[in-house]
Amino acid sequence: MRDQRRGPLASVGLHTTLIIASAVAVFPPLWLVVTSFKPKSEAFSTDVVKEPTLRNYQHVLGDTEFLSWFGNSLFIVVITTILGVFVAATTGYAVSRFRFPGMRPLMWLLLITQMFPVAILIVPLYNIMSTLGWLNQPISLIVTYLTVAVPFCAWMMKGFFDTIPVEIDESGRVDGLNPFGTFWRLVVPLAKPGLAVTAFYTFITAWAEVAYASAFMTGEENLTLAAGLQTFVNQYTSDWGSMTAAAVMIAIPAALVFSWAQRHLVAGLTAGATKS
């Protein structure tokens, strides 16, 4: 048999490529952190921090509506994540386990909704929210983010539930559980990787989104974190130091959520992709 081991030259090339790719990936967030500790006068300087300062963070926390933005985002994200996980999981389970009229059109509808770009959906969604009187209200963003996250997550959860043996459901029914009891008590504990991926995707959708938040919310006290970043750098002002400091603080919760969900991400995404 032919020797499948890499030669020295191939090994050096592979490791060099990985090092370069890692440097390219790490450099932007690293430079963001470095810039957040620079004085405003040195924001565009290519030098490493000479005199580190916390003034940017102090300004963001003390002189802006950052804490209000954080509270708005946290409220919207928590409600969106809880509802998104529940709706996506129940929808995926129903489509995976039951056959009912309109099931195939429903799945196609969930798939088709992913084909429309944000720019096309802003106007009709804005009109709907305006008609309902929900503009400048958190519910407008919660409903919008659910329409973005749930279709993809329902498809993924359907594929994940397909990997769980149907015999588990049958044993639950033999023990006297109704369909929801079977789902909640037997299937959900086995679907934790898929639920973690769904929660993470829904969280990121609501935490980092800026287009809908900027269109539906007005007044600095009503903005979310992502929309609030625009107040630092726009056509009138360009406070890059404050913007980088705010961006670093916004990234910390996302990093914590990712560290919690990372052990389930590969398993959940792989199961959902291979079975759906």
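The values are calculated or read from the model by the stated rules, or taken from the named source; none is laboratory data. Predicted model only: the values in this text are computed from it and were never measured. Using ideal geometry, Cβ is built from the backbone for each residue, glycine included, and neighbour counts are taken over all protein chains shown.
When only residues in region 99-123 that are touching a residue at least 60 places away in the same chain (Cβ under 8 Å) and not small (G, A, S) count, which is farthest from V150 (Cα to Cα)? Write out each step before concluding.
At the first step, the residues of region 99-123 found to be touching a residue at least 60 places away in the same chain (Cβ under 8 Å) are 118-119, 122.
Still in the list and also not small (G, A, S): 118, 122.
Working: V118: 15, I122: 17 Å.
Only one residue tops the list, namely I122.
Take the conditions modelled with pLDDT of 90 or more, exposed (fewer than 14 other Cβ atoms within 10 Å of the Cβ) and over 18 Å from the mean Cα position of the chain (by Cα) and apply them to S41. Does it pass?
Here the answer is no, as S41 does not meet what is asked.
Which one of these does T218 not meet: (1) surrounded by fewer than 20 Cβ atoms within 10 Å (Cβ to Cβ); (2) under 30 Å from P165 (Cα atoms); (3) touching a residue at least 24 places away in the same chain (Cβ under 8 Å)?
(2) is the only condition that T218 fails.
Within region 13-46, how many residues turn out to be under 27 Å from M249 (Cβ atoms), part of a helix (DSSP H, G or I) and of a type in the set (A, V, I, L, M, F, W, C)?
10
Do we find a residue being over 28 Å from I142 (Cα atoms), outside any helix (DSSP H, G or I) and either aromatic (F, W, Y) or more than 28 Å from the chain's Cα centre (by Cα) (or both) anywhere in region 54-68?
yes
A quick yes/no check of all residues on (1) touching a Ser or Thr at 6+ places or on another chain (Cβ under 9 Å); (2) buried (at least 20 other Cβ atoms within 10 Å of the Cβ):
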{"position": "F86", "(1), (2)": "no, no"}
{"position": "T91", "(1), (2)": "no, yes"}
{"position": "A94", "(1), (2)": "no, no"}
{"position": "L106", "(1), (2)": "yes, no"}
{"position": "I112", "(1), (2)": "no, no"}
{"position": "A119", "(1), (2)": "no, no"}
{"position": "W134", "(1), (2)": "yes, no"}
{"position": "T147", "(1), (2)": "yes, no"}
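Where in region 151-269 are there helices (runs of 4 or more DSSP H), lying wholly inside it, with at least 2 residues that are within 23 Å of T81 (Cβ to Cβ) and within 23 Å of the chain's Cα centre (by Cα)?
Once the helices (runs of 4 or more DSSP H) in region 151-269 are filtered for at least 2 residues that are within 23 Å of T81 (Cβ to Cβ) and within 23 Å of the chain's Cα centre (by Cα), what remains is 192-208, 211-216, 225-228.
From the set of residues in region 75-84 that are among the hydrophobic types (A, V, I, L, M, F, W, C) and in contact with a Leu (Cβ under 7 Å, 6 or more places away or on another chain), which is surrounded by the most Cβ atoms within 10 Å (Cβ to Cβ)?
This residue is I76.
Being surrounded by 16 or more Cβ atoms within 10 Å (Cβ to Cβ) and either modelled with pLDDT of 90 or more or more than 30 Å from S73 (Cβ to Cβ) (or both) narrows it down to one of W155, W207, W184, so name that one.
W207
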